[in-house]
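Undergrad: Following this message is one structure expressed as structure tokens.
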Amino acid sequence: MISDLALPFQPSDLSPHFQPIIGSDQQSIVGYEVLGRLMKNEKYTSLGSFFHNEKVSLKDKQFVDNTIRTKALSKIREQNQKKLSYFFNLDPTFFSAEDDQNFYLEIKQLLDQEYLLGEQIVLEITESNFMNNRAHFLEQLNKYRALGCKIAVDDLGTGYSNLERIAFIQPDILKVDMLLVQKSEYSQAHLDVLYALSMLSQKSGAQLLFEGIETEQMLKNAWRNGAQYYQGFYFSKPKPTMISSISIKNETTNALEQMIFLELLQLKKLYQFEEQLNLMFDYLLQDFHKMLDHEQFLLSLRNQIPPYCFRLYICNEFGYQLSKNHTRKMNKAWQAITHTQQKNWSWRPYFLKNIVQMKRMSSGLISDKYLDIEYHQSIYTFSYPLPDDTFLFIDISLEM
């Protein structure tokens, strides 16, 4: 364990290691994360526990951090490579003004001597509560941004106020926590969180990096959720030298191409299903204009639709539910539930957009799959335009 070693360290015991970061567009190395390692008993050991040990003095952490960064920059200078990015972890709690100035001057010197471009340096803001001195910290970040450096938020999906950090820092890259990525291999709930984070990255304009990828399934989950960058033992462990290529490039490309093929197949099936639903409801609703009463209409309709339709209701274009909820579960008898009448569903992100699209196209739409809160099952919603700016909503479960 690092925490029981004597301090201070000798600089010769410390070594920067480089873990490759893979670009999703070319499935090749686009950069490296710089990680600290300690040589002990002829074996490299991670410094992670050292930096998280509260018993280690701030001075010792700063010494180790500075030594690792300086050695890493020396190796980067030797590389003289202007097409790769270099990710440096930055913990605001022990990144003092003096440390900041030293690192800043080292970076600036490399840029002035044209060994690097500013955009090649990425500062990863690690898990830390820096909000007590946020003005000073933002001043530090802006100094690096002026050089062209990029900013990443690390450990997204766990720990201290990630959303607050994103709003405050406005990062270029969001780095998803490795535990969240690894749990997504077996948990649909964690997959749903990854999807939410992918939506966050789109809205914030930040790129998404998934770390901790160890299996092909994790790689597929990252691809499916919009990752521009991948990192993890699946590609390579951190090494004292910067490897120039990954040994499984062909396997990675084949896995992603298989994923793309299956995704295209699923989308094709979904839109074919949407066409079938439109044809069915075109036929079933051709005489709707003769039925002015919503409840009478739904009572008639629910006896004509397939078993996978389990919930029906009608809303107006402003989102107010005009009818009762007509529901059934596990092929049991239909029930009409009144408590949802006059509730407004326009707060749902897709609602108004779908209303406009249905009116424009004069046809129904099927949603993406999502988890139904009441039944705890993955379902779809098919929505269909009716006369007088009203709309029929049919919840569909293919698991029942």
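Every read-out reported here was derived from the displayed coordinates using simple, explicitly stated rules and does not represent laboratory data. Everything quoted here is computed from the prediction, not taken from an experiment. All Cβ positions, glycine included, derive from the backbone under ideal geometry; neighbour counts span all protein chains shown.
Undergrad: Could you check what % of the DSSP bridge pairs in region 2-245 are antiparallel, to the nearest 5? Numbers along the way, then the final one.
TA: Working: 17 of 39 bridges.
Around 45 percent antiparallel, to the nearest 5.
Undergrad: Same structure again: Compute the distance from the alpha-carbon center of region 350-400 to that of region 7-48, in whole Å.
TA: 50 Å
Undergrad: Out of (1) 1.11; (2) 0.98; (3) 1.19, which label holds the value of Rg/Rh (Cα atoms, Kirkwood Rh) that was computed here?
TA: Read-out from the structure maps to (1).
Undergrad: Oh, and also: So if I place +1 on the C-beta of Lys and Arg and -1 on the C-beta of Asp and Glu, and nothing else carries charge, what would the dipole magnitude of region 302-400 be about its Cα centre? I want it in debye, nearest 20. Working shown, then result.
TA: On the way: 12 positive and 8 negative charges, 26 e Å.
That gives region 302-400 a dipole magnitude of about 120 debye.
Undergrad: Follow-up question, since we're still on this one. Per residue of region 370-377, in order, report the coupling 6.51 cos²θ - 1.76 cosθ + 1.60 (Karplus, θ = phi - 60°) as ³J(HN,Hα) in whole Hz, putting x for Gly and Pro.
TA: 8, 8, 7, 5, 5, 9, 6, 9
Undergrad: Show the residues, 5+ positions off or on another chain, whose built amide H is closer than 5 Å to the amide H of residue 345.
TA: 320, 321
Undergrad: With springs only between Cα atoms under 10 Å apart, run a GNM on the chain and tell me which of 390, 126, 253 wobbles the most.
TA: Highest fluctuation among the options: 390.
Undergrad: What percent does the relative contact order of the chain come to when contacts are Cα pairs within less than 8 Å and at least six residues apart?
TA: On the way: 626 pairs, mean separation 44.8, N = 400.
It comes to 11 percent, rounded to a whole number.
Undergrad: Based solely on its DSSP helices, what 222 nm [θ] is calculated for the chain when runs of n ≥ 4 H residues each add -39,500 (n - 2.57) and the sum is averaged over all residues, nearest 500 deg cm²/dmol? Don't skip to the end; give the middle numbers.
TA: Values: 11 runs with 150 residues, N = 400.
It lands at -12000 deg cm²/dmol.
Undergrad: May I ask you to order 187-195, 221-229 by the average number of other C-beta atoms within 10 Å around their residues, highest value first?
TA: Working: 187-195: 15.1, 221-229: 21.1.
With the highest mean Cβ count within 10 Å placed first, the list reads 221-229, 187-195.
Undergrad: Roughly how big is the chain's charge dipole about its Cα centre, with Cβ charges of +1 (Lys, Arg) and -1 (Asp, Glu), in debye to the nearest 20?
TA: Working: 41 positive and 47 negative charges, 56 e Å.
It works out to roughly 280 debye.
Undergrad: Let me ask something else. Name the residue farthest towards the positive end of the dipole of region 153-304 from the options 298, 210, 195, assuming +1 on Cβ of Lys and Arg, -1 on Cβ of Asp and Glu, about the Cα centre.
TA: 210
Undergrad: For the ranges 54-62, 164-172, what's the packing order if you count other beta-carbon atoms within 10 Å of each residue, average per peptide, and put the highest first? Mind showing how you got there, number by number?
TA: Working: 54-62: 13.0, 164-172: 17.4.
Taking the mean over residues of other Cβ atoms within 10 Å, the ranking is 164-172, 54-62.
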